[in-house]
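Please read the structure below before turning to the comments.
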Amino acid sequence: DLERHDGKFVIAPKRPTGTPEHLTVAGSWPHDGPCRPDEVALLLIDFQSDFIDADGYLAKVGGDIKPAQEVVMKVKPILEAARSAGVRVFHTREGHRPSLADLSKYKKWRSQRAGAEVGASSETGSMFLVRGSPGWDITPELAPIEGEEVIDGPGYDKFMHTDLEHCLRCAGVKYLIVAGLTTEVCVSSTVRGATERGFECLLVTDGTAATEQNHLRPHIDTMLVEGGIFGSVADAHRVLVAFGSMGSASASDPPPTGGPEAPPRPPTQAGNWNASKPKTASLSCRCRLLNCS
């Protein structure tokens, strides 16, 4: 699946059996060619205990938490590979102020009707979707490390009422690899928000879970209408291969020779990426079956 030519990394497109022709996005991701690691970010949406644990918000509104728990284990190696490759990582959390001053009357009414009113206490004493409560924290398996930004906001689209866009622009990010919870709510809303702002997204198909799994596939398919209206998709394996190749190329770079004519290397991001000699990577965007390999 992987090709390497003069520091450029391309995953060969693979059209899964049974994929409808009109939903196939040809070529590779990004659409305009291989990108440098400093132009891409891994965006991990709402991997919070409230959406994963048995005592959390999602479980209490009747959602299936088992797929979410499985997704965490799929995303963990992607996060580790992104760090090793020097790719920026952004985490998001949905949560309201302890005063609930930013909780709309409708969301309060709707969540109460669903069975887990925002701000109400769980059986273990955590307050559903409230900042500072245990359920609001990111699950330990995907916890951010120093240098990774955490974007907090009260809504579903992570660009709304946050400084996510400003942070991405300041970092020079153009492309987003997205995984998170839940597919039909915060993930879908954020991908659409990113697209409207000119970011090109790739959704990790087995790196996201829906409130009910029958909601998952339609939202993935929606991304691909009209030639990829909201971006592209790939499975975790292909993302891992691309990140791993970026890290391997970094390790194979010759060390600086030193001396007055050798410019100092700029500081690296997390991991071992050599920022003085950018590498490029491209991900398959035709792999859209949830169980593809």
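The values are calculated or read from the model by the stated rules, or taken from the named source; none is laboratory data. If you're wondering where the values come from, they're calculated on a predicted model, not measured in any experiment. Note that we place each Cβ from the backbone using ideal geometry, even for glycine, and neighbour counts take in every protein chain shown. Note: areas computed on protein heavy atoms with side chains; ligands, DNA, RNA excluded. Shrake-Rupley method; radii C 1.70, N 1.55, O 1.52, S 1.80 Å.
In segment 42-93, which residue that is of a type in the set (Gly, Ala, Ser), open to solvent by 20 Å² or more (accessible area, probe 1.4 Å) and not in a helix (DSSP H, G or I) is farthest from PRO140 (Cα to Cα)?
It comes out as GLY62.
Please determine whether any residue of segment 101-109 is surrounded by 20 or more Cβ atoms within 10 Å (Cβ to Cβ) and closer than 19 Å to TYR156 by Cα.
Keep residues of segment 101-109 that are surrounded by 20 or more Cβ atoms within 10 Å (Cβ to Cβ), which gives none.
No, the conditions are met nowhere in segment 101-109.
Given the criteria out of contact with any strand residue (DSSP E or B) (no Cβ under 7 Å at 6 or more places or on another chain) and β-branched (Val, Ile, Thr), does ILE145 qualify?
Against the criterion (out of contact with any strand residue (DSSP E or B) (no Cβ under 7 Å at 6 or more places or on another chain) and β-branched (Val, Ile, Thr)), ILE145 qualifies.
Hey, could you check segment 181-205 for residues that are more than 20 Å from ALA82 (Cβ to Cβ) and among the small types (Gly, Ala, Ser) and say which is most open to solvent (accessible area, probe 1.4 Å)?
GLY198
Please pick out the residue among ALA209, ALA171 that is more than 13 Å from the chain's Cα centre (by Cα), of a type outside the set (Ser, Thr, Tyr) and at pLDDT 90 or above.
Working: ALA209 fails: more than 13 Å from the chain's Cα centre (by Cα).
Unique residue meeting the criteria: ALA171.
Out of everything in segment 124-147 that is of a type in the set (A, V, I, L, M) and open to solvent by 10 Å² or more (accessible area, probe 1.4 Å), what residue ends up being farthest from SER99 (Cα to Cα)? Write out each step before concluding.
So in segment 124-147, the residues of a type in the set (A, V, I, L, M) come out as 127, 129-130, 138, 142-143, 145.
From what's left, open to solvent by 10 Å² or more (accessible area, probe 1.4 Å): 127, 138, 143, 145.
Numbers: MET127: 12, ILE138: 21, ALA143: 26, ILE145: 28 Å.
Within segment 124-147, the match that is farthest from SER99 (Cα to Cα) is ILE145.
Being part of a strand (DSSP E or B), open to solvent by less than 20 Å² (accessible area, probe 1.4 Å) and modelled with pLDDT of 95 or more is true for just one of VAL178, VAL150. Which residue is that?
Working: VAL150 fails: open to solvent by less than 20 Å² (accessible area, probe 1.4 Å).
When all the criteria are applied, what remains is VAL178.
Can you run down the residue pairs with Cβ atoms below 7 Å, 6 or more apart or on separate chains, where the first is in segment 158-171 and closer than 23 Å to GLU184 by Cα and of a type in the set (Lys, Arg) and the partner is at pLDDT 95 or above and not in a helix (DSSP H, G or I)?
Short answer, once both residue conditions are applied: LYS158/ILE45; LYS158/THR92; LYS158/ILE151.
Check THR208 against each of (1) out of contact with any helix residue (DSSP H, G or I) (no Cβ under 6 Å at 6 or more places or on another chain); (2) β-branched (Val, Ile, Thr); (3) buried (at least 19 other Cβ atoms within 10 Å of the Cβ) and name the one condition it does not meet.
(1)
Restricting attention to segment 224-244, and to residues there that are part of a helix (DSSP H, G or I) and open to solvent by 10 Å² or more (accessible area, probe 1.4 Å), which single residue is nearest to PRO77 (Cα to Cα)?
Only one residue tops the list, namely LEU240.
So, in segment 153-168, of the ones that are under 23 Å from GLN112 (Cβ atoms) and surrounded by fewer than 15 Cβ atoms within 10 Å (Cβ to Cβ), which residue ends up farthest from the chain's Cα centre (by Cα)? Walk me through how you get there before you give the answer.
Looking only at segment 153-168, we keep the residues that are under 23 Å from GLN112 (Cβ atoms), and these are 153-157, 160-161.
With surrounded by fewer than 15 Cβ atoms within 10 Å (Cβ to Cβ) added as a condition, the list becomes 160-161.
Working: MET160: 17, HIS161: 19 Å.
Among them, the one singled out is HIS161.
Name the pairs whose Cβ atoms lie under 6 Å apart, with the first residue in segment 84-99 and farther than 20 Å from GLY172 by Cβ, the second open to solvent by 60 Å² or more (accessible area, probe 1.4 Å) and not hydrophobic (A, V, I, L, M, F, W, C), and 6 or more positions between them or separate chains?
GLY95/ARG131
Go through segment 151-165 and give me each residue that's farther than 13 Å from HIS96 by Cα and among the aromatic types (Phe, Trp, Tyr).
Passing the criteria: only PHE159.
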